[in-house]
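First up is the structure itself, then whatever we jot down about it.
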Amino acid sequence: MSVAILVNIVCIAVITANALFMLSRWAPQALSPWLQFGVTAPFLFSVGNLGANVYAGDATGYALSLSLLYSGLIWTVCSWWIITARLVGMQGHPLTLPRWLWRDIPVGLCLAGWLSALTNPWHGLFLTPVPGFRSDYGVLWYANGAVLWVLIGLVVALVVHRHRRSPYASDRAQLRLCAISVTLPTLLNATYTLLPTPVRFDPTVIGIAISTSLLVLAVYRGQLHAATTVRVQDWLDTNPLPGLLVDRHDRLLFANRSFQALLGNPPLHQPISDWLREVLGAANEWPQGARLEDMPNRVWQIDGRPDRWFEFERRPVEHGGLVVGAAWIMHDETRRVNMDAVLQSARQVESLGLIAGGVAHDFNNLLVSIMGNAELGELFAEKDPRRAREYFTRIRKAGEQGAELARQLLTYAGKGQVSLSDVDINELLRTTADLRRGSMAWNVSIALALDETTPPHALADRSQVSQILLNFVVNAEEALRAEPGNIRLVSGHARLERDELAELLAGSELEPGDYVFFRVEDNGPGISQDTLARMFDPFFSTKAVGRGLGLATTLGAIRSNRGCLQVRSTPGQGTRFTIYLPRAMARQQTTRDNPSTDLDVWQGKAAVVLDDNEAVRAVHRQMLEHLGFRLPARYITVDEAVTMANRLDLAVVDQTMPGLPGELAVQRLRAANPHLAVILASGYASGESPTVSPTTSVVHLQKPFSLGSLVSAITAAFIAAVDTDEAAISPPDRPRNE
């Protein structure tokens, strides 16, 4: 037995073992069936090569052996190209060429070459077998060889290109094995073919045996990317957590099935933030131009599914110390959001219970004073009028205390109507510091750190802001009484974005923009976490018993002034309260001359009180009659008041009448008499000072009000009515002169 035959038998055994092993095992779907074909075709080549050596002197056997040899060679090279192209696609970089160009044409050319080899006995254009010597090659052999060499060149070029660009070591290792598998048998075959003298032993079979072994090693023993990519992708697709993979430019590389089921199929290789803005924008506010990584800790509401909430978690993907991309995982936060809502509701119920108990306690004390003094006043009304007047004075003071408690409740709810003006924050801090220095304990000092470059001015209610500041300063003083300490008042400007406002107390309902702030800092013992969680609850106090709305009213006042609050405290290091208020854009002052408030001018004027509460209506009627107004002897409905509106000078209207809101009643009265002076009384306004609506010229007044407040409101109402008359008679092309 010759050495050539022995080598061929050994190579056939190796190739057969590889083929059987490959056909009996799982193969990546993207490489099938060409992977199996890539180890079967070399078997045909090796058998044909063995036959050419065995039947070297038999023309027929030699010709059949060469047909098997070239059949195996043609389909081995074709499978090399298809496997390499699909392997590159599995690594995440599929060919962008049309399928017919990179697959169908090469397969068709190889099929034509294979048929020309099989039909060679009939046409003789492929080759002329010469037993024992190098055969004579025909034109079809050279054409087929050109196709095979072009395919081998494409394989090498593709492998080199991807090897230079691939960031993963496993991908590069796979490509190196692919290059060796193709290059080794090709070089051996070229050596055999291009030698000038005939060679009886073809070493190509040795290269093909090594090539199939490397292919099996790469797929089933190397644990490399090509064999594991599909399994990793399958795992990602079956992961119940929606997930994305993006490159370092925020372009989408992969979205698993859970994500697609939740939000749809996103476009590949496009910026994911742009697509998510369109998908989530209807249910969530997403700033224009913002990227997903700028808002990683935000809870998102799914559009069309208001009961579903998710949060994105970003996990950077690094390679070689550089961030090459990121994985985004969506966590279902619906349960947590619902639990937070339940806990918030429970806290609100607890707060309502505290409010109800505290208000009931305070009002019971007021009722004791009112009822007791009323009975005593009745007893001494005739016997001792002077003593009875004292009892009535106590009743009035108890009513004023009740009104103040009601105003605190409205302020706590943030429903109060404030009197906005330009407030100089620096001047307010200086004044408060000067006032408190004289009454502070010896161990407490106060310092100022004010923004003098651009003094901050807020658009707010000065009296409420002053009370807010005073409350926090007094709290800081009380925290420092045990040991020496410092209080620091700071002012400045701030630009608050939506995500920053969301983290502040009462800030979620505000719009992003320019704000001014003042800060009260102390270096006292700080506040514990339990106290921080409850410090703004009504009637909560760290003292013996909480008897008041306390800081809850302060937070309500901040909310009424369209502001927000930040609290920072570390036990043992002090506390810092920062109050943000809307910035006053321009400082404007308007003045006008008030007309005479002589009560005699109202003598004999016609007025009407529209209120569904008989007791309230009786009090208001008597106040107006005391001021000289004429009122109907009986209760007048809104329809009757509209009928007689032309004969009326003043109307006091309740804002919350059943059936017909006060605003609609005012509209009907004004439609019947545009010059009617109107006061809209409500228990939901804040403060006794009357305010005039700039759009309807209606005076708003809080109930309960004193006789003095009513006089101010009537004066403002008649001024507003005069302004309405002037606006009606002023030429439209000339501005009014006030």
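The values are calculated or read from the model by the stated rules, or taken from the named source; none is laboratory data. Predicted model, so just to flag it, every value in this text is computed and none were measured. Cβ coordinates were reconstructed from backbone atoms using ideal geometry, including for glycine residues, and neighbour counts include every protein chain displayed.
Structure data summary
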item: Among (1) modelled with pLDDT under 75; (2) closer than 21 Å to residue 73 by Cα - the single one residue 185 does not satisfy; result: (1)
item: For residue 607: the one exception among (1) within 15 Å of residue 714 (Cα to Cα); (2) modelled with pLDDT of 85 or more; (3) surrounded by fewer than 16 Cβ atoms within 10 Å (Cβ to Cβ); result: (3)
item: Any pair with Cβ under 8 angstrom, 6 or more apart, that starts in region 658-671 at a residue that is of a type in the set (D, E, K, R) and ends at one that is part of a helix (DSSP H, G or I); result: 668/638; 668/642
item: Criterion violated by residue 124 - all others in (1) under 29 Å from residue 8 (Cα atoms); (2) at pLDDT 90 or above; (3) out of contact with any Cys (no Cβ under 9 Å at 6 or more places or on another chain); (4) surrounded by fewer than 17 Cβ atoms within 10 Å (Cβ to Cβ) satisfied; result: (2)
item: Region 636-653: number of residues that are at pLDDT 90 or above and closer than 20 Å to residue 618 by Cα; result: 6
item: Positions within region 142-198 being of a type in the set (Gly, Ala, Ser), closer than 17 Å to residue 81 by Cβ and surrounded by 19 or more Cβ atoms within 10 Å (Cβ to Cβ), in sequence order; result: 181
item: Residue list for region 441-476, filter: in contact with a helix residue (DSSP H, G or I) (Cβ under 9 Å, 6 or more places away or on another chain), surrounded by fewer than 19 Cβ atoms within 10 Å (Cβ to Cβ) and either touching a residue at least 40 places away in the same chain (Cβ under 8 Å) or β-branched (Val, Ile, Thr) (or both); result: 441, 445, 447, 448, 450, 451, 462, 467, 471, 474
item: Qualifying position, being farther than 20 Å from residue 449 by Cβ, among the hydrophobic types (A, V, I, L, M, F, W, C), modelled with pLDDT of 80 or more and over 25 Å from the mean Cα position of the chain (by Cα), among 468, 487, 558; result: 558
item: Single residue of 35, 73, 50 found to be at pLDDT 90 or above, of a type outside the set (Phe, Trp, Tyr), surrounded by 20 or more Cβ atoms within 10 Å (Cβ to Cβ) and in the same structural domain as residue 152 (by TED's automatic domain parsing); result: 73
item: Lone unmet requirement of (1) within 40 Å of the chain's Cα centre (by Cα); (2) modelled with pLDDT under 80; (3) not acidic (Asp, Glu) for residue 441; result: (1)
item: Evaluation of residue 151 against (1) on the phi < 0 side of the Ramachandran plot; (2) modelled with pLDDT under 90 (one fails), failing number; result: (2)
